Amino acid sequence: MEEANRASRPLADRLVDAACLVFAAWTILCHGVVFAGQSLIVLIGIALAAAVSAGAVLSVRALRAICTRRSGDEPSRPAEGAPLAVTGFAASDVTWLVALAAVFVAPVVSRSLNVAWWVVLIYLALLLVRGGRSASPAAPETSCHRGSQALVWLLAVGAVVVTLTAQRPDMDDAYYIGVAVGAADAPNEPLLATDSLHGIPGLPLLLSVYRVQSLELAWGALAYLTGVPAITWSHLAFPALAAVLVVLAYARLLKHLIPDRWAIGLVVVVLIFVVVGETHRWYSNFAFVRLQQGKGIFLSVMVPLLVAYALEYSARPGRSRWLRLAAASVASVGLTVTALWIVPLVAGLGLVCGLTFTRRGAIVAAGGALTSLYPVLLALGLSRTTTDRLSVVYPSVKGSHELITGAVHAVLGDSMVALLSAVALLTAWRFVAAGTARRFCILFPLGLVLLLFNPYTASTLARRITSEPTFWRGFWLIPLPAFLAVTLTAPLRLRGTAWRLGVGIASTTALLLASLGLAPRIYVLSKANGTAVAPFELKVPRDYRAAAALVRHVRPGASVIAPLRVTPWLTTFHHHPYPLVVRPDYLKSYVKELGQREVTRRMTLTSAVTPRIGRALDVGSFMNGVATYDVKGVCLPRGLPWGDEYAKALARAGFESVYRDDRDDVWVDRAP
C-alpha cells in the first residue's frame, strides 16, 4: 500500500524527495571519505559503485511494479484535491486587536529591547495556550488538480529563467568554488585536509567545520569527470535545479498551511523572491539570485522542506516519512555548516506542530528527534575548533542587545518590509485553520524569540554555538516568505456570494501591489541590489577579467599581487596562481600558523594596489616584496596615484603589460 501511494503522488513531490535522498546519500559518502583522509578519486569510485547498486535495486522494484499492474492489481489513487476554496474569515475580536496593538506600541513607548521581548513573548505564549493546543489529526493530501500542478511547473520554469538570467556576484564564491577547484586539481590528495586557497604548505582548512559540506565536492567531482570548470557547475547547472526545488519545496509547505489557497500563496512566494530586495541578507537575496551557494539552497529549499517533512511525519508516522525527514537533515548539513544548529530547531518545532500530547505522541516525538541526531553529533565534535579560530578574527565584543538589533537590521532592514514582516509573523495564525497550521504560525515565531533572539542568552548563544558573525542567521529558523504568503492571501478566505469572492480577489491584489510594489526600497533585479541581467553567464563581476588574465599568463602555483576586488576570483579558476591575500578575514584566521608579521606583510603589499583602503608604499619596499615572494604577476588598478611609479619599476624588473582594460593593468614577469 505504501508503494502504491508513493507511485501515485505528484511528480513534483517525488522529484523533491528524490533530490533530497540522493544528496543526503552523497553527503554521507563525502563525510566517510573526508574523515578517513581519502581522496577525490576514492570518493568518485565509491559514489559510482553506490549509484550502480542503487540503480539495480530501483530497476528491480520498477519491474515488480509493472508486473503488479499487468496482473490487474492497480494501485489506488487518492482523491483529487479540492479546488481553491473560499472559506470563512472570522472578524477579529477586540481582545486580539488590543493585544496586537500592545505588541507594536509598548516597544516604541518604552524604547527598551527587554520590554519588546517580554511583550512579544507573552503575546505568543497566550496565543499558544488559547489556540495552539490542538493539532490536526492528519496531514493534508499532497495531490492536487492538474491546473494547480501546471501552475507549479510554470512557476518552476520561470524560476529557472530568473536564476539563469540574474547575475549577482558574491565574493563568498572564493572559498566555496576554491574548495571544488582544489579537489579537482589534486584528485589524489586527502579531501578537505588542508587549505587550497593561499598556496602555503601546511595550512589547515580555513575552518574544520567546513569539512561537513559536500556540495563543493560535488562540483569538484563533476569538474574532474567532465572537464567542465567547477564554476560552471556552481553558477549554471546546480542553480537551475535548485530554482525548481525552491518552488516545489514551498508548494509542499503551503499545502499544509493554506490548503484552500496554496497555489495563490505559491505565486506570492515566487513574487517575493523576484521583487523584494531590501538588505543583502534578506530572504530573496538567498533565493533565485544566490542559488550558486549551499547556504542559499538551504534557506530557500531545505528550511521549508524540513518543516513540511516534520509536519507529515508527526501527523502520520511511517518509515518513508521518517526517512525523508532524516535525509533532509543530512542533506542540509552538506549545504552549509549553519545547518548543524538550525536543523534540530526547525525539525523539532515542526514535529511539535503536528503532535498530540499523548503517549503515542511522545513516541512519535522521540522517533522524530532521532532524525536530527546526525547534525547534532557532528556539531558536538567540531564546534570547539571552529569557535577558537573564529575568535581570532572576530573577538567577542557584542552584547545581546547589539546582536539582536544588528540581526534584525541585517535581515529585515528598517523599511516597510520590516514592518510587513513583523505583522506577518504576529498575525499569520489568524488566517489559517485551527490545528497544525495555526500551531506552526505561533510556535515558530515563539521559538525564534525564546530560543535565539533572547536578550538574556543571545551573547552566550553567539559565543558558544552560532558565532557572532553568523548570529543573524537565527532568522533562518523561520520560512518568512510562507508567513507573508499566508497573510497577503488572507482576503481569499471570504466566503459567500460572488460579490464577496470578488472583494477577496480585489483585496488580495491590492495587498500584493502595495506590499511588493511600494514597500521595498530595493528590488531584487535592480542595479541598486547589485544585480545585472546576463542570461546564461557566470555570476561574476568585471574584475573577473583581470583575474582571468593573471591565470592565463602566470604559471599555476606562482604568487601574484592584485587588488582585493580581484583576488577572490583567482581561486575560482582551475590551476590558478595564488594571491598573497584572498580575502583579509581568511588570512587573519591563520595568524597562529603564519605569525602576525607575515600576515601584516602580505596585507601591506596587497593594500598597496587596492584603491580606497590602500596606502602608498614606496617603490623600493614594494619591489622588495615582489622579490621576497617571487611574484610573477601584478594587477595595477587604473588611476592608482602611485601606479605609474610601480609600473616603471616593474618594467625595469622585466615585467611586461599583457592585459589592460578600463579598470586594471596586468603585468607579468617574462623571465623563465
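One residue is enough: does region 174-182 have a residue meeting the conditions more than 20 Å from A547 (Cα to Cα) and either more than 21 Å from the chain's Cα centre (by Cα) or of a type in the set (V, I, T) (or both)? Step through it out loud before you land on a result.
As a first pass, look at region 174-182 and keep what is more than 20 Å from A547 (Cα to Cα): none.
No; the residues of region 174-182 include none that is more than 20 Å from A547 (Cα to Cα) and either more than 21 Å from the chain's Cα centre (by Cα) or of a type in the set (V, I, T) (or both).
Checking the structure you have, find out if any residue of region 584-601 is without any contact (Cβ under 8 Å) to a residue 40 or more places away in the chain, touching a Lys or Arg at 6+ places or on another chain (Cβ under 9 Å) and within 30 Å of A183 (Cα to Cα). Break it down stepwise before answering.
First, the residues of region 584-601 that are without any contact (Cβ under 8 Å) to a residue 40 or more places away in the chain: 584, 595-601.
The next check asks that each one be touching a Lys or Arg at 6+ places or on another chain (Cβ under 9 Å); those that pass are 599.
Within this subset, residues satisfying the condition of being within 30 Å of A183 (Cα to Cα) are 599.
Within region 584-601, one or more residues are without any contact (Cβ under 8 Å) to a residue 40 or more places away in the chain, touching a Lys or Arg at 6+ places or on another chain (Cβ under 9 Å) and within 30 Å of A183 (Cα to Cα).
Checking P520 against (1) surrounded by 23 or more Cβ atoms within 10 Å (Cβ to Cβ); (2) touching a strand residue (DSSP E or B) at 6+ places or on another chain (Cβ under 9 Å); (3) assigned to a helix (DSSP H, G or I): exactly one of these is not met. Which one?
(3)
Does region 195-218 contain any residue that is of a type outside the set (D, E, K, R), outside any loop (DSSP other than H, G, I, E, B) and free of Cβ contacts under 8 Å to residues at least 60 places away in the same chain?
Looking for residues that are of a type outside the set (D, E, K, R), outside any loop (DSSP other than H, G, I, E, B) and free of Cβ contacts under 8 Å to residues at least 60 places away in the same chain, one finds none in region 195-218, hence no.
Would a scan of region 276-295 turn up a residue that is out of contact with any Lys or Arg (no Cβ under 7 Å at 6 or more places or on another chain) and closer than 30 Å to G367 by Cβ?
yes
Can you name the residue in region 356-371 that is of a type in the set (S, T, Y) and outside any helix (DSSP H, G or I) and, of all such residues, is nearest to the chain's Cα centre (by Cα)?
Step one: filter region 356-371 for residues of a type in the set (S, T, Y), giving 356, 358, 371.
Next cut, outside any helix (DSSP H, G or I) only: 356, 358.
On the way: T356: 32, T358: 36 Å.
Result: T356.
Using the structure shown, decide if A328 is open to solvent by less than 10 Å² (accessible area, probe 1.4 Å) and in contact (Cβ under 8 Å) with a residue 40 or more places away in the chain. Working first, answer last.
Details: open to solvent by less than 10 Å² (accessible area, probe 1.4 Å): yes; in contact (Cβ under 8 Å) with a residue 40 or more places away in the chain: yes.
Yes; evaluated as a whole, the condition is true for this residue.
Could you please tell me which pairs satisfy a Cβ distance under 9 Å, a separation of 6+ or placement on different chains, a first residue in region 285-299 that is without any contact (Cβ under 8 Å) to a residue 24 or more places away in the chain, and a second residue that is in a loop (DSSP other than H, G, I, E, B)?
F286/Q293
Of (1) over 29 Å from T470 (Cα atoms); (2) open to solvent by 10 Å² or more (accessible area, probe 1.4 Å), R261 satisfies all except one. Which?
Result: R261 passes all but (2).
Please verify whether F573 is farther than 24 Å from D644 by Cα and at pLDDT below 95, treating the condition exactly as stated. Outline the logic, then answer.
Numbers: farther than 24 Å from D644 by Cα: yes; at pLDDT below 95: no.
Considered against the rule, which asks whether it is farther than 24 Å from D644 by Cα and at pLDDT below 95, F573 comes out as no.
I want to confirm something. Restricting to region 183-194 and keeping residues that are in a loop (DSSP other than H, G, I, E, B) and small (G, A, S), which single residue is farthest from the chain's Cα centre (by Cα)? Explain how you work it out, then say what you get.
Here is the first cut: in region 183-194, the ones in a loop (DSSP other than H, G, I, E, B) are 186-189, 191-193.
Of the ones still in play, those that are also small (G, A, S) are 186, 193.
On the way: A186: 28, A193: 24 Å.
Among those that are in a loop (DSSP other than H, G, I, E, B) and small (G, A, S), it is A186.
Can you tell which of P568, P563, P541, P556 is under 25 Å from E278 (Cβ atoms) and in a loop (DSSP other than H, G, I, E, B)? If you could, list the steps in order and put the result at the bottom.
Numbers: P568 fails: in a loop (DSSP other than H, G, I, E, B); P563 fails: under 25 Å from E278 (Cβ atoms); P556 fails: under 25 Å from E278 (Cβ atoms).
Testing whether each residue is under 25 Å from E278 (Cβ atoms) and in a loop (DSSP other than H, G, I, E, B) leaves just P541.
Can you tell which of A485, A547 is over 27 Å from V303 (Cα atoms) and assigned to a helix (DSSP H, G or I)? Show your work before the answer.
On the way: A485 fails: over 27 Å from V303 (Cα atoms).
Answer to the check: A547.
Which condition number does P455 fail, the rest of (1) open to solvent by less than 30 Å² (accessible area, probe 1.4 Å); (2) assigned to a helix (DSSP H, G or I); (3) farther than 15 Å from V103 by Cβ being met?
(2)
Given the condition in a helix (DSSP H, G or I) and crowded, with 24+ Cβ neighbours inside 10 Å, answer yes or no: does some residue in region 274-282 qualify?
Narrowing region 274-282 to residues in a helix (DSSP H, G or I): 274-275.
Still in the list and also crowded, with 24+ Cβ neighbours inside 10 Å: none.
No: zero hits.
Can V560 be described as farther than 25 Å from L236 by Cβ, touching a Lys or Arg at 6+ places or on another chain (Cβ under 9 Å) and crowded, with 23+ Cβ neighbours inside 10 Å? Even if it seems obvious, please write down each step before you answer.
Values: farther than 25 Å from L236 by Cβ: yes; touching a Lys or Arg at 6+ places or on another chain (Cβ under 9 Å): yes; crowded, with 23+ Cβ neighbours inside 10 Å: yes.
For V560, the condition - farther than 25 Å from L236 by Cβ, touching a Lys or Arg at 6+ places or on another chain (Cβ under 9 Å) and crowded, with 23+ Cβ neighbours inside 10 Å - is met.
Among the numbered criteria (1) within 18 Å of Y250 (Cβ to Cβ); (2) aliphatic (A, V, I, L, M); (3) out of contact with any Lys or Arg (no Cβ under 7 Å at 6 or more places or on another chain), which one does A308 miss?
All conditions are met except number (3).
Could you tell me how many of the residues in region 396-425 are of a type outside the set (S, T, N, Q) and part of a loop (DSSP other than H, G, I, E, B)? Give the steps one after another, and end with the answer.
Kept after step one, since they are of a type outside the set (S, T, N, Q), are these residues of region 396-425: 397-399, 401-404, 406-414, 416-420, 422-425.
Restricting the remaining residues to those that are part of a loop (DSSP other than H, G, I, E, B) gives 397-399, 413-414.
Number of matching residues: 5.
I need every pair where a residue in region 638-663 that is closer than 15 Å to L550 by Cα and open to solvent by 50 Å² or more (accessible area, probe 1.4 Å) has its Cβ under 8 Å from the Cβ of a residue that is in a helix (DSSP H, G or I) and of a type in the set (D, E), sequence separation at least 6 or different chains.
Close Cβ pairs (under 8 Å, with a partner that is in a helix (DSSP H, G or I) and of a type in the set (D, E)) amount to R663/D543.
Looking at this structure, is T572 open to solvent by less than 40 Å² (accessible area, probe 1.4 Å), hydroxyl-bearing (S, T, Y) and in contact with a Gly (Cβ under 7 Å, 6 or more places away or on another chain)?
Values: open to solvent by less than 40 Å² (accessible area, probe 1.4 Å): yes; hydroxyl-bearing (S, T, Y): yes; in contact with a Gly (Cβ under 7 Å, 6 or more places away or on another chain): yes.
When the stated conditions are applied, T572 passes them.
Among the candidates V626, V634, V666, which residue alone is open to solvent by less than 30 Å² (accessible area, probe 1.4 Å) and either of a type in the set (D, E) or under 16 Å from V582 (Cα atoms) (or both)?
Details: V626 fails: either of a type in the set (D, E) or under 16 Å from V582 (Cα atoms) (or both); V666 fails: either of a type in the set (D, E) or under 16 Å from V582 (Cα atoms) (or both).
Result of the check over V626, V634, V666: V634.
Quick one: which of F440, F536 is crowded, with 23+ Cβ neighbours inside 10 Å and either out of contact with any helix residue (DSSP H, G or I) (no Cβ under 6 Å at 6 or more places or on another chain) or not polar (S, T, N, Q) (or both)?
Values: F536 fails: crowded, with 23+ Cβ neighbours inside 10 Å.
The unique qualifying residue is F440.
The values are calculated or read from the model by the stated rules, or taken from the named source; none is laboratory data. These numbers were taken from a predicted model, which means no experiment stands behind them. Note that each Cβ is placed from the backbone with ideal geometry, even for glycine, and that neighbours are counted across all protein chains shown. Ligands, DNA and RNA are stripped out before the accessible areas are found, and what is left, the full protein with its side chains, is counted by its heavy atoms. Shrake-Rupley method; radii C 1.70, N 1.55, O 1.52, S 1.80 Å.
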